[in-house]
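Every number here is computed from the coordinates shown, using simple stated rules; none is lab data. The model shown is predicted, which means the values in this text are computed figures rather than measured ones. Note that each Cβ is placed from the backbone with ideal geometry, even for glycine, and that neighbours are counted across all protein chains shown.
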């Protein structure tokens, strides 16, 4: 690679971090209607940054929800085209009281930048902005044709993305998709992700009576919806950590012997992992290691539950209604629609007629698994090795990036998942952060990646 | 009774209601520290009202918590002494959005006054104020010696009342205690309550990890405290509606055949009851009628539950912690301390080591059962008949008034529970109200009650 590109990346580290801060300051919480304007502001900021670094065809595209930012540089005809996907929206910030510094006032402590979106995904999107800038500023061009699609609805399930991709298939057509929205396996262990879990997410509402009741005057004669909900959800997994929904495991693709062997050889310390999470004990599906549980086994989780009196003190009510948000992480080859149907059928069957039940399906997506010997995967491996001085490992990720399946299906191209977050960086939790060493290593790696992709496809 | 007393009660109806409104306007929510001043203001208001109507020895007595209002009229030596107990504090108001008119701006609709505390217990306390006023204003005296103790902590479990009674045993000594804090059996069915359920109340906190976790990146390897809580609470009652805590039913006094017969003869329409509550179906311990379930059978209820993300939209977290408020209604001869111990032991036993458990015992009290052939009970029956023109029925109440046990034990005197609320008046729920016809009938009945008690003990 042109030494000017490498030097530029080395010499502008501090400026890059200052610029990242500006991006992180915009509270682009996509699930909260109150932040609608901030989300747009963030899209416009990203667009203006892309123009500034020399990208062309920059557009803020309207959707039925939050806008999508598009840009392209198509100055090297005949060479392959890469499409970068990322998102500029962020998770909600609550519980706000657990943040040590305000979530939208980025603060650097011990070489890490703390802010909502630092790791997921603004920091990783911005890393590409800077590697693109390094090429364009110093060589006047990019090694490949390059398209960028950055959406503002990833954290609410990308409700308008599929349609956008369908309607702009030609504009988005590429030979490979690059996504940086996954963590490295561990500090100092660069990783390429070849598998993701899928997701189905539901809200369950139960109504028992038309208003809260005095638990003395009425207790014992009516179903308590909070109790019914607990009974219903508490039986969704058995003692062995297995989901009890009939048919749930029917389509689960088993781990191969090779995968089990390779996962076992990764530097994973279960006791250290437990300590980092602050859990008194690990607990999961029996017969699987923690990495297998996260990467290759489906699960059922309660994401939120609410009912009755939850303030200070005591109030002797029977709640009129109660609510839970629940989700299932899926693995290949579980179909989200089928699992959603099995779940709904099961809940309707076990929910007693003493309460009114409403099930609302929210977002979701398919699991994904890529062949690790694809040329694009190998190119990513080489780029990573040059940027971080270390061969990457091939891992899976327990989270879901539904757009990966969308790209695979709609554009029929491979996806390369090259992420530089760390597993303990609190994506989706208070005190989200990003290691600045990885941020800089990622800028260098992705600068190399564009070169490596020039020889692929 | 002196016709002037009766006429006075008849002619001042409207004024009495206007005065009641002033009492209801004071937001004396005792469980909420933010209302501490309002609670005191309410005590002072009650004291000034008692002075105004001619009561003597009026004091606002300090306690470690909210003050107690005391008053006495001891002008008829040799005659019995009655002690009125009531409370001027009220339940919290949430969920506020379900109120049709503001809880502390009393509003009359269809002959009912809507306000927090209207039925429980300000309206019923104020009814006595007005019957006392009727006697004192028109005859210059009361038929019996009369003491008043009105506390401000009933809704948070009367934490300082027992000590106050112990320390003021002489000041409070009486021949009979009168309490108006229970509902009538139904509209047009005046009732005297001879039994109450007891209570034990707990908060359970479970902590899984030190912060909320991304359910994709970590889901499947750690216990979800919301799931553990659901499993734990969902198993507290079985399919037959019976509490599963070992030993829970050991000391339950069975219903007598006579009680079952008498309850069955009361004008209770289960289908109408179900409709009034808005429940799709009634549900309770198998083998018992609804009245038996409420009055004579213990139960377990979840009063509140909270954990994880409960806002709009979807957030894929595993909550770090979760909380539930739970309580058990007890019947004779269950001992609250013993039941609390059984509960705690059971929870500690079934809670898995994958979460941290904290159990906090909150307020509670013993159940109570009085002999219905006691002279004081009979006196109350006659007074009620004169005031409402109808023989009262003897009923129990599913709620708890722990002070009844305290009086029975500490002062060793009978308690007469003569209440004029109605079962559907939303005590402890939004849109609490009081029927003004019963308010006026109650003023007349209690004016008669003081006369009847003159011949008792």
- Determine Rg/Rh for segment B:162-225; Rg is computed over alpha-carbon atoms and Rh is the Kirkwood hydrodynamic estimate from the same atoms. 1.37
- Under 1.5 on a/c is rounded, so check that first for segment B:116-204, then, if it is not, pick prolate when a/b is larger than b/c and oblate when it is not; a ≥ b ≥ c are the square roots of the alpha carbon gyration tensor eigenvalues. oblate
- Message: Quick check on the exposure proxy: order A:170, B:154, B:285 from fewest to most C-beta atoms within 10 angstrom.
- Response: A:170, B:285, B:154
- Message: Run the Debye formula on the Cα coordinates of segment A:42-190, all scatterers equal and no solvent, and tell me log10 I(q)/I(0) at q = 0.13 1/Å.
- Response: -0.65
- Message: Tell me the mean residue ellipticity at 222 nm calculated for chain A from its helices only (DSSP H runs of n ≥ 4, each -39500 (n - 2.57), averaged over every residue, nearest 500).
- Response: -10500 deg cm²/dmol
- Query: Got a sec? How would B:28, A:210 order by Cβ neighbour count within 10 Å, fewest to most?
  - Reply: A:210, B:28
- Item | segment B:361-425 versus segment B:30-67: alpha-carbon centroid distance in Å | 24
- Note on the structure: Diffusion coefficient in µm²/s returned for segment B:321-457 by Stokes-Einstein, Kirkwood Rh over C-alpha pairs, 25 °C and 0.890 mPa s, is 134
- Message: If N is the number of residues in chain A, what value comes out of its Cα radius of gyration divided by 2.2 N^0.38 Å?
- Response: 1.03
- Note on the structure: In whole percents, the bins of 10 Å from zero upward hold the Cα-Cα pairs of the protein assembly as shown as 2, 12, 19, 18, 14, 11, 10, 7, 4, 2, 0, 0
- Message: Taking a point 7 Å out from Cα toward Cβ as the label site, list the nm distances between residue B:48 and the same residue in every other copy, smallest first.
- Response: 6.0
- Task: Would you calculate the separation in nanometres between label points at residue A:252 and residue A:76, each defined as 7 Å from the Cα along the Cα-to-beta-carbon direction?
- Result: 4.5
- Message: Given 10 °C and 1.306 mPa s, compute D for segment B:347-388 with the Stokes-Einstein relation, Rh being the Kirkwood radius over Cα pairs; round to the nearest whole µm²/s.
- Response: 104
- Put a point 7 Å out from Cα along the line to Cβ at residue A:18; what are the distances to that point in the other copies, in nm, shortest first? 7.2
- Note on the structure: So, in nm and shortest first, the distances from residue A:341 to its counterparts in the other copies, with label points 7 Å along Cα→Cβ, work out as 5.6
- Task: Calculate the radius of gyration of the Cα atoms of segment B:275-338 to one decimal place, then report Dmax, the largest Cα-Cα distance, as a whole number, both in Å.
- Result: 17.2, 48
- Message: How big is segment A:244-354 along each principal axis, measuring the range of its Cα positions in Å and listing the largest first?
- Response: 55, 36, 18
- Dividing the alpha-carbon Rg of segment A:365-424 by 2.2 N^0.38 Å yields what? 1.19
- Query: Can you give the translational diffusion coefficient of segment A:14-67 in µm²/s, computed by Stokes-Einstein from the Kirkwood radius over Cα pairs at 10 °C and 1.306 mPa s?
  - Reply: 131
- Message: With only alpha-carbon atoms in the gyration tensor, what are the semi-axes of the equivalent ellipsoid for segment A:227-288, in Å, largest first?
- Response: 27, 21, 7
- B:400, B:131 arranged by Cβ crowding within 10 Å, fewest neighbours leading: B:131, B:400
- Message: Apply the a/c threshold of 1.5 to the C-alpha gyration tensor of segment B:213-257 and tell me whether it is rounded, prolate or oblate.
- Response: prolate
- Cα-based helix-to-principal-axis angle, A:13-24 vs chain A, degrees rounded to 10: 40
- Note on the structure: Cα-based Rg/(2.2 N^0.38 Å) for segment A:191-273, rounded to two decimals, is 1.79
- C-alpha long axis of helix B:225-234 to longest principal axis of chain B, angle in °: 60
- Note on the structure: Taking 0.36 nm per residue of separation between residue B:187 and residue B:360 and subtracting their Cα-Cα distance, the length gained on full extension comes to 58.4 nm
- Message: Given contacts defined as C-alpha pairs under 8 Å and at least six residues apart, what's the relative contact order of chain B, whole-number percent?
- Response: 25
- Task: Kindly identify segment A:1-94 as rounded, prolate or oblate by the Cα gyration tensor criterion: order the square roots of the eigenvalues as a ≥ b ≥ c, call it rounded if a/c is under 1.5, otherwise compare a/b with b/c, prolate if a/b is larger, else oblate.
- Result: oblate
- Message: For chain B, take the longest principal axis of its alpha carbons; what is the angle in degrees between that and the long axis of helix B:375-388, to the nearest 10 within 0 to 90?
- Response: 80
- Item | Mean-position separation - Cα centroids, segment A:115-149 and segment B:79-126, in angstrom | 64
- Note on the structure: Placing each pseudo-label 7 Å from Cα in the direction of the beta carbon, residue B:264 and residue A:37 end up separated by a distance in nanometres of 6.9
